[in-house]
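To keep things clear, I will list the structure first and then write my remarks on it.
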Amino acid sequence: MLMIDREDFPRQKCCAGGLLARAYARLPDFPASIIEKEITGAKFVLGDQSLEIKSDKRVAVTIKREKFDTFLLQRALEAGAEAVTGIPVTKAIEKNDHVDITYGNEIVSSKLFIVAEGASSRIANLIFGAPAHSAKAIAFAQDLLVDSDPGDNFVIYTIGRSPTKPKLRNRFPAYGWAFPRKDSVNIGVGGVGYPTAYFQQSLEKILKHVDIQHHLVAAETIKAHPIPYSIREKFYTRRCMAVGDSAGFASPLSGEGFTYAIVSGQDAGQAAIDFIQQNTSLAEAYGSRIKSDILPYLRSSTLAARLVALSASFCNIPTLVEEFSSDEAIKKTCIEYVLGNCDWTKLFSSCMNKLPRAVFRSFGHPFVPEPPFC
């Protein structure tokens, strides 16, 4: 097996670094040494209000991508893989019995080719076709060095309604975040249909809010990164597979992609074994696994995301969030879902049962708070 990456390791990536328990549970040798913070809850900042959900156990961790990706690379090398780093793949041509892959001045032939290049992958577009123009959101992120303990919560911010009016099918939630690390906080904003200037203003407000709470020491350069919120129409061929963001596998409700990158990567690995050893087609070996392991989650997430975004037109969002977050059954199910102890159907059912009452209580006086003005 040969792995080719355009970057040298360790490499930095624009990533909030939140890894849910149901994701790292799939990595049995996940080392404690790369954990930045253990997360036990979530805090929703709704303007000058806030709501908190806590668990009595760890539900997630934060990591830095340069350490996490290096760990994964080292595990691959220990398993017998070869690696070429610092050179991008520039071309991939699928033929009847192999795939020709070009990187630098080299061409290698392989029985299979797995693409894991991210949401803007040119090679994925070349092989699987370009995704819809509106299939990606944009996120801006920034690392902040602080001199006090940033706590053990994922902090989520509402960032107000878009000054523009995107089409209904493009109305997905926009949000901000502050994820704690050992001595820093990763902040960011992301969504669809918001002007860049508005995102930048929202990010500045979150920075000031973090500064007041944890005393800012230094701020790194702002980075931008696309996030897929639509699954590719085609994510495998006879000899090629797309995984993670390259396939569009990320939650349109939260932007979370770690879980789906790990699951699809493992599914692709098992599909490769089945393909080579048993001559099983990728439609059966990979496509069928994705249809059961990932697509139901992302489809329910898409529906939930559209309902949340649409509700901003006629609901008071702080009231709506309070209705859901105060429901003990929903809180318990959310924690169990994040831990990987229940599947999406139980969580979705719990939320849908609550939806009529939540909408009724929050209907009228539509309001989506911006980050606190400090």
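The values are calculated or read from the model by the stated rules, or taken from the named source; none is laboratory data. Since this is a predicted model, take the numbers as computed values, not measurements. Methodologically, a virtual Cβ is constructed for each residue, glycine included, from the backbone with ideal geometry; neighbour enumeration extends over all protein chains shown.
The table that follows gives values for the structure above.
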item	result
Selection status of SER288, among the polar types (S, T, N, Q), in contact with a helix residue (DSSP H, G or I) (Cβ under 7 Å, 6 or more places away or on another chain) and either surrounded by 15 or more Cβ atoms within 10 Å (Cβ to Cβ) or modelled with pLDDT of 95 or more (or both)	no
Residue satisfying all of: in the range 89-121; under 28 Å from the mean Cα position of the chain (by Cα) and exposed (fewer than 15 other Cβ atoms within 10 Å of the Cβ); nearest to GLY287 (Cα to Cα) among these	SER120
Residue among GLY244, GLY265, GLY257 that alone is modelled with pLDDT under 95 and within 18 Å of the chain's Cα centre (by Cα)	GLY257
Output for the range 346-374, where each listed residue is among the hydroxyl-bearing types (Ser, Thr, Tyr) and in contact (Cβ under 8 Å) with a residue 40 or more places away in the chain	SER362
Residues being over 15 Å from ARG22 (Cβ atoms) and surrounded by 15 or more Cβ atoms within 10 Å (Cβ to Cβ) - total across the range 328-349	3
So GLY160, is it in contact with a Ser or Thr (Cβ under 6 Å, 6 or more places away or on another chain), at pLDDT below 95 and either surrounded by fewer than 22 Cβ atoms within 10 Å (Cβ to Cβ) or in a helix (DSSP H, G or I) (or both)	no
Unique match (being without any contact (Cβ under 8 Å) to a residue 60 or more places away in the chain, part of a helix (DSSP H, G or I) and surrounded by 16 or more Cβ atoms within 10 Å (Cβ to Cβ)) among TYR198, TYR194	TYR198
Positions within the range 266-305 being more than 20 Å from SER230 (Cα to Cα), in a helix (DSSP H, G or I) and of a type outside the set (A, V, I, L, M), in sequence order	GLN266, GLY269, GLN270, ASP274, PHE275, GLN277, GLN278, GLU284
Any hit, the range 9-18, residues being assigned to a helix (DSSP H, G or I), surrounded by 13 or more Cβ atoms within 10 Å (Cβ to Cβ), in contact (Cβ under 8 Å) with a residue 12 or more places away in the chain and in contact with a Lys or Arg (Cβ under 9 Å, 6 or more places away or on another chain)	no
Count - residues of the range 350-374 that are of a type in the set (S, T, N, Q) and not in a helix (DSSP H, G or I)	0
Residue in the range 237-251 that is assigned to a helix (DSSP H, G or I), at positive phi, in contact (Cβ under 8 Å) with a residue 24 or more places away in the chain and not charged (D, E, K, R) present	yes
